[in-house]
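Below is one structure; the comments refer to it alone.
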Amino acid sequence: VQLQASGGGLVQAGGSLRLSCAASGGTFTSYAMGWFRQAPGKEREFVAGISWRGGNTDYADSVKGRFTISRDNAEKTVHLQMNSLKPEDTAVYSCAARASGSGSYYDIPTYLYWGQGTLVTVSS
């Protein structure tokens, strides 16, 4: 499975961005999907996850109520709508895929495929 993330950019605090992750190869509905981010000098961290059907989602506490993950299985894409952005949201955002039923979305080693990152910069 190949993953291609897009949609990053520069936005002012309080603004919004919508990230997209397009998948190719493999069977998209076999995979749960996750978004992660890594800020300069920090560890990669979980942002949001979604089940293969889209009926189950989970979010990091830091983004709950501001970010929404969704997926379109027909289009083989997963999106991350980010609202009320804060400077601390600045990071490289990556999407990842893992087999359904692999436990907690937070568990980074369970993700089998990773896309390249897209940079999100939030100015104050």
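Determine ³J(HN,Hα), in whole Hz, for all residues of the range 117-124 in sequence, where each value follows from phi through the Karplus function 6.51 cos²θ - 1.76 cosθ + 1.60 and θ = phi - 60°; x replaces Gly and Pro.
x, 10, 7, 10, 10, 10, 8, 8
Using θ = phi - 60° and the Karplus curve 6.51 cos²θ - 1.76 cosθ + 1.60, what whole-Hz ³J(HN,Hα) does each residue of the range 81-94 get, with Gly and Pro shown as x?
8, 10, 10, 6, 5, 10, x, 6, 7, 4, 4, 8, 9, 10
Counting other Cβ atoms within 10 Å, keep those with at most 12, restrict to DSSP loop, and tell me which trypsin sites (Lys or Arg not before Pro) in the range 33-78 are left. Show your work: numbers first, answer last.
On the way: sites: 37, 42, 44, 53, 64, 66, 71, 76; in loops: 42, 44, 53, 64, 66, 76.
Taking the range 33-78 and a limit of 12 other Cβ atoms within 10 Å, the loop trypsin sites (Lys or Arg not before Pro) found are 42, 53, 64.
Leaving out ligands and nucleic acids, note down the accessible area per residue over the chain with a 1.4 angstrom probe, in whole Å². Write down the numbers at each step before the final one.
Values: 6040 Å² over 124 residues.
For the chain, the per-residue accessible area is 49 Å².
Sequence neighbours fewer than 8 away in the same chain don't count; with that in mind, list the aspartates and glutamates whose C-alpha is under 19 Å from residue 64.
The qualifying aspartates and glutamates are 45, 88, 89, 107.
Hey, could you get me the Stokes-Einstein D for the range 1-80, Kirkwood radius over alpha-carbon pairs, 37 °C and 0.692 mPa s, rounded to whole µm² s⁻¹? Spell out each step's value before the answer.
Working: Rh = 13.5 Å.
Here the translational diffusion coefficient equals 244 µm²/s.
Restricting to Cα pairs below 8 Å that are 6+ residues apart, what does the relative contact order work out to for the range 20-89? Please round to a whole percent.
After rounding, I find 29 percent.
GluC sites (Glu not before Pro), restricted to the range 42-88: which are DSSP loop and have at most 13 other Cβ atoms within 10 Å?
Answer by residue number: 43, 75.
Ignoring ligands, DNA and RNA, what percent of the accessible area of the chain is carbon or sulfur (1.4 Å)?
48 percent
The values are calculated or read from the model by the stated rules, or taken from the named source; none is laboratory data. A quick note: this is a predicted structure, and the numbers were derived from the prediction, not measured. FYI the Cβ positions are ideal-geometry reconstructions off the backbone, even for glycines, and counts take in every protein chain you see. We work out accessible area using only protein heavy atoms, side chains counted, and drop any ligands, DNA or RNA first. Shrake-Rupley method; radii C 1.70, N 1.55, O 1.52, S 1.80 Å.
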